[in-house]
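Worksheet for the structure shown next.
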Amino acid sequence: MRVALIGHGYWGPNLARNFGAIPGVRLARVCERDAERSALAQHLYPWAQVDRDSEASIGAADVDAVAIATPLATHFELARAALLAGKHVMLEKPITATSAQARELIAIAQHERRVLMVDHPFVYGAAVAHLHAMVARGEIGALLHYDSDRANLGPFHGEDDVIWDLAVHDLSILDRLTASQPARVSAIGAGANAARDPQIAHLLLHYDDGLLAHLHLSWLSPVKQRRVTLAGTRALVFYDEVQPDEKLRVYAGAAGADGGPGTPGAGQADALGPNERRSSYRLGDMVSPRLAVHEPLHEVCSHFAACVRDGAQPLTDGAAGLRTVLVLEAAARSLARGGDAVQVEAV
Ligand SMILES: NC(=O)c1ccc[n+]([C@@H]2O[C@H](COP(=O)([O-])OP(=O)(O)OC[C@H]3O[C@@H](n4cnc5c(N)ncnc54)[C@H](O)[C@@H]3O)[C@@H](O)[C@H]2O)c1
């Protein structure tokens with residue numbers, strides 16, 4: 001598979017490196033508008049043809065697939081042109097700036113019988129894969145609450161607000177774990193232009209089955225945080241992506257601390273007198289599962305290559321990208337209305 005990479009800014013080099021490490025995949029072209037960044041690309045990949053004009057890369061006969069790592073506002077036009085030129089397309093997150101654009105790309109990809117994939121990297125990480133398997137086996141029980149802290153300083157690149165930059169990661173994790181869309185979203189923000197492009201935001205996602213998700217997203221944190229607490233009826237999970245070891249900690253026996261209904265030890269708690277009640281923050285064992293060590297982006301690029309080779313539907317296909325954008329659009333509407341809960345448009 002011969003890949004053309006469009007955009008060699010902050011994230012593009014990571015894609016180039018990972019595509020370069022996959023057997024059977026060759027980085028054939030890199031397209032970068034900026035003179036300095038394109039010179040760097042030529043230095044790093046001397047075998048590749050480096051273009052400044054996207055039409056040359058997209059239209060090239062020696063290219064099978066196009067990976068797009070340019071700013072969000074450019075995603076749709078570049079992806080549309082590539083699909084219409086008969087290329088398979090992988091887009092960086094978020095897939096497009098509007099749901100209408102995502103729908104159009106899905107339709108073109110279907111018509112042209114090309115693979116359309118979006119890079120939702122956390123979905124391909126070992127921790128989320130493990131969580132997904134636990135949810136599928138019923139080990140976490142019914143999901144009650146998803147609470148995320150996703151914060152860092154920046155960005156010093158890009159042009160989107162903090163919700164479009166960071167919420168995508170949680171939305172893609174939730175999409176993988178719940179296989180459902182939130183019904184309503186409310187969003188509030190802080191920052192210079194808080195109602196339009198906040199630097200800090202809180203999102204509440206209300207699901208029809210009772211799950212409530214809270215996302216705290218910040219570009220104004222001196223400390224990088226990627227933490228999720230997941231509460232289910234059978235287990236509590238603490239997931240810290242920043243930790244090199246013990247990214248996941250699973251605590252058994254979740255609901256009803258102090259021997260509440262339906263939990264182990266409930267009878268014992270009732271047998272105690274009023275002054276003998278003990279507080280317990282741990283009901284069961286804590287397990288930190290051993291996770292495979294691999295770079296999620298390597299899995300993303302390998303998965304895309306495999307889907308192109310086999311004509312398969314990616315895990316994070318155009319529809320997954322669309323579902324994410326529909327929630328982001330609802331969050332933007334809520335933000336503009338001062339945090340009102342607004343409906344998420346149906347897929
Ligand atoms: N998957 C992730 O975790 C992750 C992380 C960071 C960024 N991203 C995404 O990657 C994309 C790029 O983000 P970035 O931070 O690298 O931005 P960036 O601004 O650092 O880089 C974008 C590059 O694209 C170039 N460019 C723009 N239009 C072009 C065109 N038409 N033809 C050729 N080159 C063009 C720019 O010159 C720039 O060098 C965004 O969609 C962003 O959301 C994803």
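The values are calculated or read from the model by the stated rules, or taken from the named source; none is laboratory data. Note that the coordinates shown come from a computational prediction; the quantities given were computed from them, not determined experimentally. Positions of Cβ are generated from backbone atoms using ideal geometry, with glycine treated the same way; all protein chains shown enter the neighbour counts.
Structural remarks
- Any hit, segment 154-161, residues being crowded, with 17+ Cβ neighbours inside 10 Å, in a loop (DSSP other than H, G, I, E, B) and within 14 Å of the ligand (Cβ to nearest atom): yes
- Extreme residue, surrounded by the fewest Cβ atoms within 10 Å (Cβ to Cβ), among residues of segment 5-27 that are near the ligand (Cβ under 6 Å from one of its atoms) and either outside the structural domain of GLN49 (by TED's automatic domain parsing) or of a type in the set (Gly, Ala, Ser) (or both): GLY9
- Checking VAL63, VAL30 one by one, the residue that is touching a residue at least 12 places away in the same chain (Cβ under 8 Å) and away from the ligand (no atom under 11 Å from the Cβ) is VAL63 and no other.
- Of all the criteria given as (1) within 15 Å of the ligand (Cβ to nearest atom); (2) closer than 13 Å to ALA67 by Cβ; (3) of a type in the set (A, V, I, L, M, F, W, C), the one not satisfied by VAL115 is (1).
- Within segment 313-340, the set of residues being part of a loop (DSSP other than H, G, I, E, B) and either within 18 Å of the chain's Cα centre (by Cα) or in contact (Cβ under 8 Å) with a residue 40 or more places away in the chain (or both) comprises GLN313, PRO314, LEU315, THR316, GLY338, GLY339, ASP340.
- HIS298 at negative phi, touching a helix residue (DSSP H, G or I) at 6+ places or on another chain (Cβ under 7 Å) and loosely packed, with under 15 Cβ neighbours inside 10 Å: no
- Scanning segment 35-49 turns up no residue that is closer than 19 Å to CYS301 by Cα, buried (at least 22 other Cβ atoms within 10 Å of the Cβ), of a type outside the set (Gly, Ala, Ser) and away from the ligand (no atom under 11 Å from the Cβ).
- Residue within segment 95-110 that is within 15 Å of the ligand (Cβ to nearest atom) and closer than 30 Å to SER288 by Cβ present: no
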